[in-house]
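Encoded as structure tokens, the structure appears first; notes follow it.
The values are calculated or read from the model by the stated rules, or taken from the named source; none is laboratory data. Given the structure is predicted, the values throughout are model-derived calculations rather than measurements. Cβ placement follows ideal geometry from the backbone for every residue including glycine, while neighbour counts extend to all protein chains displayed.
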Amino acid sequence: MADYDLAIIGGGLNGVSIARDAVGRGLRVILLEQGDLGGGASSASPRLIHGDFAGLERRHILRVRSALAERDVWLRIAPHLVRPMRFAIPAHSEERPDWQLRSWLLLYDRLGSRSGLPASATVDVTHHPLGNALKRPFGTAFECSDCVVDDSRLVVLTAVDAAARGAVIRTGARCTRAERGKEWRLVTIDRGFRQVVTARAVANVTGAWTPSVAETVLRVTPPKVAAVQMSQIVVSRLFDCDNIYVFQNSDGRLIFASPYERDFTLIGTASHAFKGDPAIVAMAADDVAYLCDAANRYFRERIETVDVVRTLSGANVVPSLAGRRHQRDGAMLLDHGRGKAPLLTVCGGDVTTARLRAERAVSELTPFYPMSPRWTANAPLPGGDFAWNRFDDEVEEVRERWRFLGEDQAKRLVAAYGTKVKEILGDARERSDLGPAFGSELTGAEVRYLMQKEWARFPDDILWRRSKLGMTMQPADREALAAFMAASS
Ligand SMILES: Cc1cc2nc3c(=O)[nH]c(=O)nc-3n(C[C@H](O)[C@H](O)[C@H](O)COP(=O)(O)OP(=O)(O)OC[C@H]3O[C@@H](n4cnc5c(N)ncnc54)[C@H](O)[C@@H]3O)c2cc1C
């Protein structure tokens, strides 16, 4: 008998979502990730959980409705990682007329939401905090509700849940070869050691690596996809209000500017065709200038390329079927036949619809296994067992119990761990009970937790994916963290 029912290659959001869905439906699952979970495109997304009102312009009504329903699911199952925000589109005299934006948002409200988010509204920004950061001519903005997500933590907590339900998650495990017969025999280089596992089916969920893994590892015909790079920039905070601005750019695209880690603003996205090694995706200077120009059209405070403190870039693939691309949905292919173990390929698609995509992908395998019904829409991710509108109460409770925590620190911990925060803070009565400090926020207790429960191995795993504390950590703290992790592993 094969070691596993399903071996998943790739630990991005698509891979871990399939692992979670499949293990909860009774399959024996292993997931192989060559680096860190979320180390590919999944930690460079625009961090939006949304229906995508721009889809209305393209008349993708059903797609928008389905994504809005998924937004409600995420709010229900991940209220710590997914936060509601007001998105504001300033009216621009040279862009879409006001009536069009207003009617989009009315329809958007209609297509959503049973989750109690506020309805869309027209705002006079001359008398509203939204106007403070904008150039003078902008008098009106159209507001609607959507959400933001901590994308890389979504990947990690989905994997934590999959593991808690019995999936084997191996990071630092590169799949190098696969022999296909009635079952699959996979060769991996697992932290330097050669390992072999067998599985009844394989899922190739390797994002931008999908065609090369198909060709060189699985040795099948690669799917017809096009590689695309998307990039965003981070600058010092440009505005004080807790909104996301959505700017109509002169090329018709919508550019967003979102609060990022308290002291910064994230602006995105620039995208274009990608060629090269998906492990090295650098943002082009033209793309940086493009996003600066788009922001400068609206914000009072001008930004130049030298103001960019970090860039986020990822590559993934989009289906290129008869020239049409449905970026949101991604692509799904099932290849099987007499004497040929099934191969499922899932690639592309956005963060909002990842859970649904995984549910559909695993359902494709029902002819091969007895499986229990779909379940992920109602099961909270670890730490997400509270209502989204009780987030502030959770923070208050944490501050009541661990009085030495500042408000910002308590908020960060609840946003990252939800109710699991107690597993990190335990019986601590003062800050020093949590071990050494690395910068103003990170403690030895949190680092140990991340190493033991969330597969963190290196400082970057913690500073850029389990958190974004890398934005503010000083080099000396970083070195101390590296030494602490080396001594703790
Ligand atoms: C142009 C573009 C625009 C996008 N826009 C949006 C958007 O507006 N909103 C949104 O929500 N999302 C957007 N996304 C989607 C999002 O960023 C990701 O695509 C999504 O998170 C799913 O990623 P993934 O799991 O397929 O791939 P990845 O996160 O890249 O994961 C693939 C993983 O496979 C691993 N791997 C590769 N080869 C091997 C091997 N041999 N063995 C083991 N592991 C291997 C890699 O290390 C990697 O971690 C966009 C994507 C693109 C390309």
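Would you confirm, using the coordinates I've provided, whether SER103 is assigned to a loop (DSSP other than H, G, I, E, B) and surrounded by fewer than 20 Cβ atoms within 10 Å (Cβ to Cβ)? Full working, then the answer.
Numbers: assigned to a loop (DSSP other than H, G, I, E, B): no; surrounded by fewer than 20 Cβ atoms within 10 Å (Cβ to Cβ): yes.
No; evaluated as a whole, the condition is false for this residue.
Looking at VAL362, VAL351, can you tell me which residue is modelled with pLDDT of 95 or more, buried (at least 21 other Cβ atoms within 10 Å of the Cβ) and within 13 Å of the ligand (Cβ to nearest atom)? Let's see the steps before the verdict.
On the way: VAL362 fails: within 13 Å of the ligand (Cβ to nearest atom).
Going through VAL362, VAL351 in turn, just one is modelled with pLDDT of 95 or more, buried (at least 21 other Cβ atoms within 10 Å of the Cβ) and within 13 Å of the ligand (Cβ to nearest atom): VAL351.
Select from the range 158-174 the residues that are away from the ligand (no atom under 14 Å from the Cβ) and either in a helix (DSSP H, G or I) or not hydrophobic (A, V, I, L, M, F, W, C) (or both) and list them in ascending order.
Within the range 158-174, VAL160, ASP161, ALA163, ALA164, ARG165, GLY166 qualify.
Give all pairs with beta carbons closer than 6 Å in which a residue from the range 393-406 that is part of a loop (DSSP other than H, G, I, E, B) meets a residue that is of a type in the set (D, E, K, R); count only pairs at least 6 apart in sequence or on separate chains.
Hits for this filter: PHE404/GLU430; PHE404/ARG431; LEU405/ARG399.
Filter the range 175-189 down to residues that are within 18 Å of ASP5 (Cα to Cα) and near the ligand (Cβ under 9 Å from one of its atoms), then give me how many there are.
Selection size over the range 175-189: 2.
Among (1) modelled with pLDDT under 95; (2) at positive phi; (3) more than 16 Å from the ligand (Cβ to nearest atom), there is one condition THR221 misses while meeting the rest; what is its number?
Checking THR221 against (1) modelled with pLDDT under 95; (2) at positive phi; (3) more than 16 Å from the ligand (Cβ to nearest atom), the one that fails is (2).
Can you find even one residue in the range 23-44 that is closer than 26 Å to GLU394 by Cβ, in a loop (DSSP other than H, G, I, E, B) and basic (Lys, Arg)? Quick ask: steps written out before the conclusion?
Of all residues in the range 23-44, those closer than 26 Å to GLU394 by Cβ come to 24, 37-38, 42-43.
Then keep just the ones that are in a loop (DSSP other than H, G, I, E, B); that gives 37-38.
Okay, now just the ones that are also basic (Lys, Arg), so none.
Among the residues of the range 23-44, not one is closer than 26 Å to GLU394 by Cβ, in a loop (DSSP other than H, G, I, E, B) and basic (Lys, Arg), which makes the answer no.
Pick out the one residue from SER250, SER271, SER258, SER231 that is part of a loop (DSSP other than H, G, I, E, B), under 30 Å from LEU105 (Cα atoms) and hydroxyl-bearing (Ser, Thr, Tyr).
After ruling out the rest, the residue left standing is SER250.
Sort through GLU423, GLU454 and tell me the only one that's under 26 Å from the mean Cα position of the chain (by Cα) and closer than 23 Å to GLY35 by Cβ. So that I can check it myself, show each step before the final result.
Working: GLU423 fails: closer than 23 Å to GLY35 by Cβ.
Just one listed residue meets the conditions, GLU454.
Looking only at the range 1-32, which residues are within 9 Å of the ligand (Cβ to nearest atom) and of a type in the set (Gly, Ala, Ser)?
GLY10, GLY11, GLY12, GLY15, SER17
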